[in-house]
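Some notes on the structure that comes next.
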Amino acid sequence: MAVRFERGAVDAEPGEGLIRSMAAELHDLYDGLDLDAPDMPKAGPAEMGPPGGAFLVGYEDGEAVCCGGLKKLPDGACEIKRMYVAPGARGRGVARELLAALEETARSLGYTVARLDTGPRQENAQIMYESAGYRAIGNFNANPMASFWGERRL
């Protein structure tokens, strides 16, 4: 079944609920991680909203099952942020569909380079990003929890 993507907002339902679920999962996975801590890269409504950003929510049979956003970086590239797939939708390629939809949205906004990061306890995410063409680069966003930073030309 294909996922249908719509523009949404990180601070409005259903995106807000998906982000809360993601934050709770990462809090447990990374020993109390707070995504909104001062030393974490920002990824809120200001960053993932127009004109340089976007936030997508993916639906299957009318149910919101995933989300992710884009934010503009100072050098003109974009960063993919807050990719999340609800547990019940995992293992079926939804994350790959979400990544492709985010990349297409980035192209539509004029971006030619996308960057992203992931942490050491999210090996499957890194494997997926690398298989999608993201090559390892240096720490571009000072994310203290990341262990992989990737970049891909769009």
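Here are the numbers for this structure:
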| item | result |
| --- | --- |
| Long-range neighbours under 7 Å by Cβ, at least six apart or interchain, first residue in contact (Cβ under 8 Å) with a residue 24 or more places away in the chain and hydroxyl-bearing (S, T, Y) within segment 45-71, second buried (at least 18 other Cβ atoms within 10 Å of the Cβ) and assigned to a loop (DSSP other than H, G, I, E, B) | Y59/V3 |
| Test: A100 is outside any loop (DSSP other than H, G, I, E, B) and not acidic (D, E) | yes |
| Tally, over segment 47-86, of residues that are acidic (D, E), under 22 Å from G150 (Cα atoms) and assigned to a loop (DSSP other than H, G, I, E, B) | 2 |
| All positions within segment 25-39 that are open to solvent by 30 Å² or more (accessible area, probe 1.4 Å) and either among the charged types (D, E, K, R) or on the phi < 0 side of the Ramachandran plot (or both) | E25, H27, D28, L29, D31, D34, D36, P38, D39 |
| Candidates A106, A142, A114, filtered to the one that is in a loop (DSSP other than H, G, I, E, B) and either open to solvent by less than 20 Å² (accessible area, probe 1.4 Å) or at positive phi (or both) | A142 |
| Filtered residues of segment 10-24 (kept if assigned to a loop (DSSP other than H, G, I, E, B) and either surrounded by 15 or more Cβ atoms within 10 Å (Cβ to Cβ) or of a type in the set (K, R) (or both)) | V10, P14 |
| Where G150 falls short, out of the listed (1) farther than 20 Å from I19 by Cα; (2) part of a loop (DSSP other than H, G, I, E, B); (3) open to solvent by less than 30 Å² (accessible area, probe 1.4 Å); (4) not hydroxyl-bearing (S, T, Y) | (2) |
| Single residue of G119, G93, G68 found to be over 12 Å from the mean Cα position of the chain (by Cα) and open to solvent by less than 20 Å² (accessible area, probe 1.4 Å) | G119 |
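The values are calculated or read from the model by the stated rules, or taken from the named source; none is laboratory data. It should be emphasised that the depicted structure is a prediction, and the values quoted were computed from it without experimental measurement. Note that each Cβ is placed from the backbone with ideal geometry, even for glycine, and that neighbours are counted across all protein chains shown. Surface accessibility is based on the protein's heavy atoms, side chains included, excluding ligands, DNA and RNA. Shrake-Rupley method; radii C 1.70, N 1.55, O 1.52, S 1.80 Å.
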